[in-house]
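What follows is calculated from the coordinates using simple rules that are stated; it is not laboratory data. Note that the coordinates shown come from a computational prediction; the quantities given were computed from them, not determined experimentally. Here the Cβ positions follow ideal geometry from the backbone for every residue, glycine too, while neighbour counts run over all protein chains shown.
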Amino acid sequence: MHAPLMLKKQVVVTAVLLQAALQSCVPLVALAQETPVASTASWSQEYTDLTKKILLSGIELERYSLNFRLDNGKQPKFRKYRYFLAQETGAACGLAFEIVGIDQFGRGRRRPLQISKPALHGALAAVTTGSIIAGSGSALELGSNVLQSVKNRCHGNDHRAARKFVVAKLKHIDQLLAQRHALVAAHPDSPSYERAILEGKILQDMRNCFISEFSHFYSDTKGYTAFQNTFFLLNAAYNAVGATGGAVAYKAVEVPKYNGPANILFTVSGAMASVSPLISSAVSKVVRKQAAHSLAKELHEKPSFDPAQLTAHCKQLENLAPETEGRLVPSLPGTQRLALYTQSDDLFAKQLESETTTMRKLNKVALQTSILGPAIGGQLMTQGILGTYGYYKYPTQPRKQISQYYYGSIVGCVGTSMAVVGNAAWLLSSMSYEHKLAKEKRLPSQLIKARLDHLDDIEKVVSAI
């Protein structure tokens, strides 16, 4: 009785196991025909996660780049006005000296004894004081830049820290892109394969855009800082020489033998003034190139971005049949939004560059410009040359000697007048232009902040993937 019962139980168990085995064969058969639903969902989710990480990392890199440009592009709040006042005071004192010189030397070239020593003393005291004020103004701004540089370094917001952050972030993005590429390459039979490949190309284009933008900001801010610091240093130096020349000339009113050294110092000061903006611009270009080169070396690539290529890839993605999207690429809305943002980068960069360049030009004083600076300095140098020539050429002929001082004062009066008028014109133009840009929301800081707000909106879309 027990043997048939046991046999019956074994038959029942075997039948149950056979039924379970047949049921488990169904997805195996489907796997031979197409990718299983569970497997597709799994790698689709992995694909989406990778793409989302790439997009968020790109947004983080772009946000850092924009904030870096915003922070490093800031100038001390009252720099423009205090520097204008310092340089305008120096130029005005110089003009006062030249006016007195024309008057006194004009009399002295006919009747040397009619020259008023108190008048010359007062004029020379004024030019010496003005040179000291102008030079001190430059020294103050140079010190301000150095102090700000130290603060940035302490807070991890300097160029070295920025370069380190960007290199690390870019390395992370490249690793994610490589993982994504390998994942897509492992599923060439997916109906969304072509769309995934195009999305990958767009991600690569955006990566190139973000690093190219940072490279430009990085080298530009370093170059402009180098221009400022070089000019401040040279301006302080030639004003120190000019102040020394004024002090020596003050003594020469009573002891004529100091007229020669005083005019030599005026010549050197004028020569330094004429080449300062040119040297500063040259240093800026060299520093800018070196900064771009050092960043490229650390990145192991020369940052470059082709906006036409991104536009073409986006167009190809739009032209793909909607049914090819499948369930693989739910990341597309975020990618397309960020791609549209990136496509506008070329226009944004050009507008930002235009407004920044114009504002930098207008924020300069006359001597900082490559147009008026050499002309003003050249005229002051000419005045020194005429004075030196008159003193050493006609040591025993006071009328001829004083005539050279008179001609030099006329030339110097033109130069200092250009400085006084030029400084005021530059300041007024700067204030007018800034007011216009602020009203139109086109100040560089406003453009960057608007772009940051746009980036925040895109981040919300990407985070919702």
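Taking each residue as 0.36 nm, the span from Y392 to S304 lengthens on full extension beyond its C-alpha to C-alpha distance by 25.7 nm. By the compact-protein rule of thumb, 2.2 N^0.38 Å, the alpha-carbon radius of gyration of the stretch 165-265 corresponds to a ratio of 2.45. Once R0 is set to 60 Å, what does the formula 1/(1 + (r/R0)^6) return for the Cβ-Cβ distance between T311 and D103, expressed as a FRET efficiency to the nearest 0.05? Once the sixth-power term is evaluated, E becomes 0.30.
Close Lys pairs in the stretch 182-308 (alpha-carbon distance under 20 Å; sequence gap of 8 or more, or different chains): 9. Cα centroid separation, the stretch 138-207 to the stretch 240-317: 31 Å. Taking Cα atoms only, the orientation of helix 398-439 departs from the longest principal axis of the chain by about 30 degrees.
Placing a label point 7 Å from the Cα of A424 along the Cα-to-Cβ direction, no residue of the stretch 366-410 has a backbone N closer than 13 Å. What's the angle, to the nearest 10 degrees (0 to 90), between helix 372-393's Cα axis and the longest principal axis of the chain? Compared with the principal axis, the helix lies near 30 degrees. Multiplying the residue separation of S344 and L320 by 0.36 nm and removing their Cα-Cα distance gives an extension gain of 6.4 nm. With a Förster radius of 56 Å applied to the C-beta separation of L85 and Q45, the computed FRET efficiency comes to 0.30. Spin-label pair N157-A96: with each label point 7 Å from Cα along the Cα-Cβ axis, the two points sit 4.0 nm from one another. With respect to the chain, whose longest principal axis is taken over its alpha-carbon atoms, helix 2-33 is tilted by about 40°. In plain terms, the residue of M359, M381 with the fewest other Cβ atoms within 10 Å comes first and the most crowded comes last, giving M359, M381. The distance between label points at A296 and Q114 comes to 6.8 nm (points 7 Å beyond Cα on the Cα→Cβ vector).
Shape summary: the chain maps onto an equivalent ellipsoid whose semi-axes, from the alpha-carbon gyration tensor, are 77, 18, 16 Å in decreasing order.
Neighbour counting of Cβ atoms within 10 Å sorts the residues E88, E199, fewest neighbours leading, into E88, E199. Would you mind getting me the FRET efficiency between K201 and V461? Use the beta-carbon distance for r and R0 = 25 Å, nearest 0.05. Working from the Cβ atoms, E equals 0.75.
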